[in-house]
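The values are calculated or read from the model by the stated rules, or taken from the named source; none is laboratory data. What you see is a predicted model; the values in this text were computed from it and never measured. Note that each Cβ is placed from the backbone with ideal geometry, even for glycine, and that neighbours are counted across all protein chains shown. We work out accessible area using only protein heavy atoms, side chains counted, and drop any ligands, DNA or RNA first. Shrake-Rupley method; radii C 1.70, N 1.55, O 1.52, S 1.80 Å.
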Amino acid sequence: MSKTIRIRKGLDIRLKGEAEKVVVQAPEPQVAVVKPTDFHGVVPKVVVKPGDEVKAGSPLFVDKYNERILFTSPVSGEVAEVVRGEKRRVLEVRVLADKQIRFEDHGAGDPAAMNRETIIQKLLRSGCWPFIRQRPFDLVADPAQEPKAIFVSAFDSAPLAPDMDLVVRNQGEDLQLGLAALSRLTKGRVHLNVSAQTTAREFLDAKGVQHNVFSGPHPAGNVGVQIHHIDPIDKGDVVWVVGAQDVIIIGRLFRTGHFDAERTVSLAGSAARNPKYVRVRVGAPIQDIAGEVGSGVRVVSGNALTGTNVGANGHLGFYDQQVTLLPEGDKPKFFLTDGWASPGLNHFSASHAYPTWLLPGRKYELDTNQNGEERAFVMSGQYEEVFPFDIYPVHLLKAILAGDIEQMEQLGLYEVAPEDFALCEFVCTSKINCQDIVRSGLDMLKKETT
Amino acid sequence: MNALRKLVDNAKPAFSKGGKLEKLHWVFDGLETFLFTPGHATEKGSHVRDAMDLKRTMSVVITAMLPCLLFGMWNVGHQHYLAIGEFTALGEGFWEKFLFGAIKVLPIVVVSYGVGLGIEFLFCSIKGHAIHEGYLVTGMLIPLIMPVDVPLWMVAVGSAFAVVIGKEVFGGTGMNVVNIALTARAFLFFAYPTMLSGDKVWVNTSLAEGQTLVDGFSGATSMGHAASGNMAGVVPLMDSFWGFEAGSIGETSTFACLIGAAILIFTGIGSWRIMLSVVLGGAFMAGIFNLVGPSVGNAYMQIPVLHQLVLGGFMFGLVFMATDPVTASQTSSGKWIYGFLIGLLAILIRVVNPAYPEGMMLAILFMNVMAPTIDHYVVQSNIKRRMKRAALRTA
C-alpha cells in the first residue's frame, strides 16, 4: 500500500443529523425521473413520447451534440410526461413505473475478455456511460477520447456524507467487475483513492488498480483534490472520474446485463426525522427516501455544499448518494440575538470570530440563510485555508470574472471543478457564489478551446 | 425585537420603489441590514453558509481598536496636565485626565463618522448600491491617527477627501488601492503641514485662567526630538511601551496596540504574517542603523532596536493599517515581503529623512501601491511552476 497523502487544508462542517448506520430497502418507485439538468452541457434530444413503453435501460433522450451518449430509464413502465421549462428546455422526463421492473438485456460478460470498443458500446447503450465524467470541465466524458488515467474516490468527506464502507458492503464482486471494465478504457492507471480510516476489504483488496490513501478534512474526498495530489491535470490532459457507487452499477451491468441503477443513499440533516441509509433507484422520488417532508425544510439532493434544491416533491439526482434536509433560513435575524453582533453560541464559523471554535466536538444545526449580504472581495487568505490546491483561488476567480481566458488557463482552471470551490463559498465573508463563477469560467474556457 | 421588526416592516414601503422616500432606499436598507441580517436564503451551490459576514468582521476590528481609543483619551488628558504642571504623577487625576481627553477626542470621532458616513450614504443613494461596512473601521481609524489639536473642520475635509478620492472613485469598499484612513492623514499632512507635524499640535495646551505652561515645556514628540538631535527628549523605553508620550491620539501605546493585535490574530481577521514581518523588517533596519550609527555619529541611528519599534506610530500602523486586507498583498508569500518592506521603509524614512520625523504612514502608503506588483510576481511564479510541470511531462 502506498503512503498516505495528508490533506492539511480544509474544513469539516459539523452538521447535526448524521444518518444512523441502518440500511432500509425502499419500495420500487412509482415514478422515476431523469433530469437533463443533472448533466451540465448536455443538450437533450428526447427520443420517446408520452405513452411509450420503456424498460429499465431503454433510452429516454440522447445528447444532441454526441448522439452516441444515451440517457436511459432507471425503471420500466410508461413515459408519462416530458416536462419543459422556459424556451422549451427539457427539465424532466418522467416514467410511470411498472410494479415489477423489467430490464433491457444488454448482455452480461466478463470485461477482461472484451476489447475497449465493445466495453464502450455496452456502457453507452445501457445508459451507464454518463456515470463517467471527465476533467477538465466536469462534464460527461466523451467516448471518442482516451483519458490518461481514471480516478475513483472511495470515500466521501462532505458534510453528513454516506459512509462508503457501509455502502460497499457485499458489493465487492460488482465493484471489482466495474473496475476491471474501467481499466480497459485507459492505457494509464485506474486510481482507487481510499480514506486512511477505511477497513472495507472490498476497497482494500480491489485488484488491478493503483491504491492511494488520503487523510484529512473535507475536501480530501473530492476527486479533484486527489487528482491534484497524484497526477495533476495540465492543458491538453483528459482524465475521467467515476463515483464508487457508480463503478458498482457498471459492474452490475457486466454481471447481469442490466442497467440496475440502485444506490445506497444517506438521508441526513438536522431537519430529517429519521436519518438512515436507503437503498433506492436513481431518479426515485424523495418521498421514497425521506417520507413526507414538512414545510420550511430545504430538500437537497446531494450534500449541503454542492447539492441541488429539488423540493419535497423532487427526485434523487443522477449522481447523488445523499439527501440532506436542512431548515430553511428565510427569516431575518436580529443583530443582537442572532445576527452579526450576537454572542453566536449556535453559530458555526471557520473563522475564530465566534466563540464556538473553542468547542471542537460540537455539532450545529445550520439553516440555509446566507448569513450576510454579498460584498466585494475584502478578506484575503480565507479561501486558501480550505482549498488544498497549489492554485491561487481568488486570483483565479477574478480572472474568470474578468473573462481573461489566458489567465484562467495559466492559473489552473483545468484542474478544478465547481465542487472544489464549495468550501470557499461556504467560508466567504463576502458571500460570493464561487461555484457559479467557476462553472461559468469552465464554460468560457471550453467554448474557447474546442 | 418583534416590535422593532414590525416597525421596520411598516416603514419599508415608503422607502421602496414608488414610495415617498424612494431616494433614501439604500440608507434605509443600510439601517435595516444593520438591525437584521436579511432573511435571504441561499439558492444553490453551498446551501449552508458560515456565520461570518463583513459586519462581524468590521465590528471585531473596531473592538480591537477600543483599547487604543480609551488609552488615547486618557493620554490626551495626561499630556495636557503634564504641560501645565498639574497631576504630573501617572496615578493622579485619572478621571480629570480621561474626561479632558474624552471632551477633546469624541468630537473628532463624531465628525469623522458623520462626514464619512454622510458622503457614503449620498454616494450609495446616487449610484444605487448597498451601503458597505468599510467606513465603520475607517471612521474610527481617522481620529486615532490625528493630533489632538487638529481643527474639526480639517477632520471633516480629510474624511471627505479620503472617502471620495480614496474609495468611491475606485468603486467603494474592497476596491480601493491605498488605505483610506491614511489617505485622509496624508492629504492633511501635505495640505496643512503645520497642523499635522511640528511641536505645537501633539499636546493640548489650552489654558484656563490661572494656568501656565511649565518651564521648558516642549510639545514635540519623541521622534521630533530625535530628529533634531535632542536625544534627551526621547521618552524612555517603558514609557513609550505603555504610551506615556505625545503623539497622535491612538498611536502612542504599544501595549494597547498589542491588545488589539491579540484580538485580530486570535479571531483570524488580521494577518499575523503581515504583523510579524513588519516587526522583522523594522528590527532589521533598526539593527543595521545600530551597527553603522556609531561610525556615522548619528545619535538617532543608535536608538536600540526594541525602542525604535515601540516609538511613534510604528505599532499602531502595523496592527491596524498594514493589515488592511484590501490594500495589502493578498498572497501568503506576498504578505511576508510586503510586511518586511513596510517595517524597513518606516524606520529608514523615520531616521534618515529629515523632513518626515515619522515614516510609518509613508511606508504603508508606498507599499499599498506596490502590493499588486508583489502579488503579480508571486502569482507568476505559481504560473511558471505549472508551465514547467506541463513541459516536463510532454518532454
**OP:** Could you state how much accessible area B:Met238 has, in square angstrom rounded to the nearest 10, with a 1.4 Å probe and all protein chains kept in place?
**Re:** 100
Subject >> Antiparallel bridge percentage (DSSP; both residues within the protein assembly as shown; nearest 5) >> reply: 65
Subject >> Heavy-atom surface of segment B:137-264, accessible at 1.4 Å and reported per residue (Å²) >> reply: 38
Original post:
Going by a ≥ b ≥ c, the root eigenvalues of the Cα gyration tensor, does segment B:53-383 fall in the rounded group (a/c under 1.5), the prolate group (a/b larger than b/c) or the oblate group?
Top reply: oblate
**OP:** Subtracting the Cα-Cα distance from 0.36 nm times the residue separation, let me have the gained length for B:Ala14 to B:Leu31 in nm, one decimal.
**Re:** 4.7 nm
**OP:** Would you mind classifying segment B:241-378 by shape? Square roots of the alpha carbon gyration tensor eigenvalues, ordered a ≥ b ≥ c; an a/c under 1.5 is rounded, otherwise it is prolate if a/b is larger than b/c and oblate if not.
**Re:** oblate
**OP:** Could you tell me which GluC sites (Glu not before Pro) in segment B:177-268 are loop residues by DSSP with no more than 11 other beta carbons within 10 angstrom of their beta carbon?
**Re:** B:Glu209
Subject >> Estimated vicinal HN-Hα couplings, Hz - segment A:55-68 in sequence order (Karplus 6.51, -1.76, 1.60; Gly, Pro = x) >> reply: 9, 5, x, 8, x, 9, 8, 10, 6, 4, 9, 7, 6, 6
Original post:
Of all the C-alpha pairs in the protein assembly as shown, what % are more than 43 Å from each other?
Top reply: 41
Subject >> R0 of 30 Å, Cβ-Cβ distance B:Ser332-A:Met444: FRET efficiency to nearest 0.05 >> reply: 0.60
Original post:
Whose amide H sits under 5 Å from the amide H of A:Phe214, counting only residues 5 or more places off or on another chain, with H placed in the peptide plane?
Top reply: A:Ile5, A:Val194, A:Ser195, A:Ala196
Subject >> Most fluctuating residue given options A:Val213, A:Val190, A:Val22, as computed from a GNM of chain A linking Cα atoms under 10 Å >> reply: A:Val22
**OP:** Could you list which residues have their amide H under 5 Å from that of A:Val190, counting only those 5 or more apart in sequence or on another chain, with H placed in the peptide plane?
**Re:** A:Ile150, A:Gln210
Original post:
Once you put a point 7 Å from the Cα of B:Leu122 and another 7 Å from the Cα of A:Leu359, both along the Cβ direction, what distance in nm separates them?
Top reply: 4.7
Original post:
Under a 5 Å amide H to amide H cut-off, with H placed in plane at 1.01 Å, what residues pair with B:Val48 once short-range neighbours are removed?
Top reply: none
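Kindly work out what percent of the DSSP beta bridges joining two residues of chain A are antiparallel, to the nearest 5.
Restricted to chain A, the bridges split so that about 60 percent are antiparallel.
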Subject >> Probe 1.4 Å, accessible area per residue of chain A, Å² >> reply: 38
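Report the A-B buried area as the accessible area lost on both sides summed, probe 1.4 Å, in Å² to the nearest 100.
5800
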Subject >> Cα pair distances exceeding 39 angstrom across chain A, given as percent >> reply: 18
Original post:
Which ³J(HN,Hα) values, rounded to whole Hz and listed in residue order, are derived for segment A:91-101 from phi using the Karplus coefficients 6.51, -1.76 and 1.60 in 6.51 cos²θ - 1.76 cosθ + 1.60 with θ = phi - 60°, glycine and proline given as x?
Top reply: 9, 8, 10, 9, 10, 7, 7, 5, 5, 10, 6
**OP:** Before rounding to the nearest 500, sum -39500 (n - 2.57) across all DSSP H runs of length at least 4 in chain B and divide by the residue total; then give [θ] at 222 nm in deg cm²/dmol.
**Re:** -20000 deg cm²/dmol
Original post:
In segment A:291-450, with Lys and Arg counted as +1 and Asp and Glu as -1 at Cβ, which of these residues, A:Trp340, A:Ser301, A:Leu413, has the Cα nearest the positive end of the dipole, that is, farthest along it?
Top reply: A:Trp340
**OP:** Give the calculated FRET efficiency between B:Leu24 and A:Asp205 to the nearest 0.05, with a Förster radius of 60 Å applied to their Cβ-Cβ distance.
**Re:** 0.30
**OP:** Using a 10 angstrom cutoff on alpha carbons, build the Gaussian network for chain B and name the most mobile of B:Ala355, B:Ala328, B:Ala220.
**Re:** B:Ala355
Original post:
Relative to a virtual label point 7 Å from the Cα of A:Ala341 in the Cα→beta-carbon direction, which members of segment B:28-46 show backbone nitrogen distances below 11 Å?
Top reply: B:34-36
Subject >> Above-threshold pairs, the threshold being 19 Å between Cα atoms, out of A:Lys331/B:Lys6; A:Lys35/A:Lys64; A:Lys331/A:Lys363; A:Lys235/B:Lys335; A:Lys9/B:Lys44; A:Lys122/A:Lys148 >> reply: A:Lys331/A:Lys363; A:Lys235/B:Lys335; A:Lys9/B:Lys44; A:Lys122/A:Lys148
Original post:
How much length is gained if the chain between B:Met370 and B:Gln211 is pulled fully straight, taking 0.36 nm per residue apart and subtracting their Cα-Cα distance, in nm to one decimal?
Top reply: 52.3 nm
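Report in % the part of the accessible area of the protein assembly as shown that belongs to carbon and sulfur, leaving out ligands and nucleic acids; probe 1.4 Å.
Result for the protein assembly as shown: 59 percent of the exposed heavy-atom area is carbon or sulfur.
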**OP:** In whole angstrom, note down how far apart the Cα centers of segment A:199-247 and segment B:2-68 are.
**Re:** 43
**OP:** For n ≥ 4 DSSP H runs only, could you compute -39500 (n - 2.57) per run for chain A, divide by its residues and tell me the 222 nm figure to the nearest 500?
**Re:** -6000 deg cm²/dmol
Original post:
Pick from A:Arg184, A:Arg279, A:Arg201: which residue has the top mean-square fluctuation in a GNM of chain A where Cα pairs under 10 Å get a spring?
Top reply: A:Arg201
**OP:** Enter the mean number of other protein chain beta carbons within 10 Å of the beta carbon of each residue in B:28-34, as an integer.
**Re:** 2
Original post:
Helix by helix, which DSSP H runs in chain A go 20 Å or more along their axis at the Cα atoms and have an average Kyte-Doolittle hydropathy of -1.0 or more?
Top reply: A:434-449
Subject >> For segment A:306-315, Karplus couplings with θ = phi - 60° (6.51, -1.76, 1.60), whole Hz, Gly/Pro x >> reply: 10, x, 10, 6, 9, x, 5, 9, x, 10
Original post:
Debye sum, Cα scatterers, segment A:18-153, no solvent: what log₁₀ I/I(0) at q = 0.22 1/Å?
Top reply: -1.32
